[in-house]
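**Q** Okay, here's the structure, questions in a sec.
The values are calculated or read from the model by the stated rules, or taken from the named source; none is laboratory data. This structure is a prediction, so every number in the text was calculated from the model and none was measured. Ideal geometry is used to build each Cβ from the backbone, glycine not excepted, and the neighbour counts take in all protein chains shown. Accessible surface areas use protein heavy atoms only, side chains included; no ligands, DNA or RNA. Shrake-Rupley method; radii C 1.70, N 1.55, O 1.52, S 1.80 Å.
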Amino acid sequence: NDDQALWGVYASGGAEMLPFGAIDLYYLGFKDDAGTFVQGTARERRHSIGARFHGEDRGWDWNWEAVYQFGTFGDGSIQAWTLASDTGFTFSGLPWRPRLALSANVASGDGDPDNEDLGTFNPLFPRGNYFSEAAVLGPRNFFNLHPFLTVSPTDRWSLTTDVNFFWRLETEDGVYAPAGQIIRAPGGSDQRFVGSAISLASEYALAENLVFTAIYTHFFAGDFIRATGPSEDIDFFELTVQFRF
């Protein structure tokens, strides 16, 4: 793809120096000759500086990350950021070893689409299922809370249930898909609540290298979606068999 390029450097380690966990430090450069946001389409040159702190200790596990972005978008400048966290505790002494966790995340949006400067965070190449397996929303201009519970009835079988709440951070910016397409422009609405989703996932290891997964997700359209266009809920169901070799 001659329109896009990605480059960078990544370092991981620090477990010997830190009292708990390890740290990743990285720089990523990105160019897109046709970057598209609610503000419009223009030449995008973006630099990301990030840090990730992760580890586990005495039942706790954590994965926290912060990224700051700068660069240019057309004739304007880019100033964007994100904070992401996943913190959990496993009750190893209880039956089924339940793990309770909370993921809390926020990413900047653009506060004024008429200004040539851009404040929308670009996650570059995120997982499609960043928020849920249904892969409806992408991590731009949002804040969300995502509690979930995982239990393991046997060594081969795990069950996870979760609920996800999603809001817009800036009301002058829209809602984006995982790959960056604009799902819904602001539309003059000052509503922040985009929607919520509930999910249930079951994973069973039929053999050491053969895993069966079943997932169901229901997405409830929120106030902003209902105020700006079609707003039917979404049901998603997935069956997967994975063979590792």
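**Q** In sequence order, what are the phi-derived ³J(HN,Hα) couplings for segment 118-128 according to the Karplus relation 6.51 cos²θ - 1.76 cosθ + 1.60 with θ = phi - 60°, rounded to whole Hz, with x for glycine and proline?
**A** Using θ = phi - 60°, the values come out as 10, x, 6, 5, 10, x, 6, 10, x, 4, x Hz.
**Q** With springs only between Cα atoms under 10 Å, which of Phe219, Phe53, Phe20 fluctuates most in a Gaussian network model of the chain?
**A** With Cα springs under 10 Å in the chain, the top fluctuation among Phe219, Phe53, Phe20 is at Phe20.
**Q** Using modelled amide H (1.01 Å from N, peptide plane; none on Pro or chain starts), what sits under 5 Å from the amide H of Arg97, excluding residues fewer than 5 places away?
**A** HN-HN under 5 Å from Arg97: Ser152.
**Q** Among Arg99, Arg156, Arg226, which one shows the highest mean-square fluctuation when the chain is modelled as a Gaussian network with alpha-carbon springs under 10 Å?
**A** Maximum among the listed residues: Arg156.
**Q** Counting Lys and Arg as +1 and Asp and Glu as -1, each charge on the Cβ, what is the dipole of segment 72-130 about the Cα centre in debye, to the nearest 20? Please list the in-between numbers first.
**A** Values: 3 positive and 7 negative charges, 176 e Å.
I would put it at about 840 debye.
**Q** With every protein chain in place, what's the accessible area of Tyr130 (1.4 Å probe, Å², nearest 10)?
**A** 70
**Q** Could you check the spin-label model distance between His54 and Asp112? Points 7 Å from the Cα along Cα→Cβ, value in nm.
**A** 3.9
**Q** Could I ask something else about it? Would you work out the charge dipole size for the chain about its Cα centre, treating the Cβ of every Lys and Arg as +1 and the Cβ of every Asp and Glu as -1, and quote it to the nearest 20 debye?
**A** That gives a dipole near 600 debye.
**Q** What net charge do the residues around Ile182 carry, taking every other residue with its C-beta under 10 Å from that of Ile182, with Lys and Arg at +1 and Asp and Glu at -1?
**A** Result for the neighbourhood of Ile182: +1.
**Q** Could I ask something else about it? Placing +1 at every Lys and Arg Cβ and -1 at every Asp and Glu Cβ, with all other atoms neutral, what dipole size does segment 27-118 have around its Cα centre, in debye to the nearest 20?
**A** About 560 debye.
**Q** Label points 7 Å out from Cα along the Cβ direction at Leu6 and Arg244: separation in nm?
**A** Distance between label points: 2.3 nm.
**Q** Accessible area per residue for segment 104-216 in Å², computed with a 1.4 Å probe and the full protein assembly in place, what is it?
**A** Solvent-accessible surface per residue comes out at 45 Å².
**Q** Which net charge results when you count Lys and Arg as +1 and Asp and Glu as -1 among the other residues whose beta-carbon is under 14 Å from that of Thr90?
**A** Neighbour charge sum, excluding Thr90 itself: -1.
**Q** Put +1 on the Cβ of each Lys and Arg and -1 on the Cβ of each Asp and Glu in segment 1-66; which of Ala34, Ala15, Trp64 then has its Cα farthest toward the positive end of the dipole?
**A** Ala34
**Q** For segment 72-90 and segment 112-131, what is the separation of their C-alpha centers, rounded to whole Å?
**A** 8
**Q** Roughly speaking, what is the centre-to-centre gap between segment 177-198 and segment 1-24 when only Cα atoms are used, to the nearest Å?
**A** Each part reduced to its Cα centre gives a spacing of 30 Å.
**Q** Efficiency by 1/(1 + (r/R0)^6): what FRET value for Arg156 and Ala22, r their Cβ-Cβ distance, R0 = 30 Å, to the nearest 0.05?
**A** Computed FRET efficiency for Arg156 and Ala22 comes out at 0.55.
**Q** Shifting gears a bit: Any idea how far apart Leu206 and Trp96 come out in nm if each label point goes 7 Å out from Cα toward Cβ?
**A** That separation, rounded to one decimal, is 2.5 nm.
**Q** Average the reciprocal distances over every distinct pair of alpha-carbons in the chain, invert the result, and give the Kirkwood radius in Å.
**A** Hydrodynamic radius (Kirkwood, Cα only) of the chain equals 19.8 Å.
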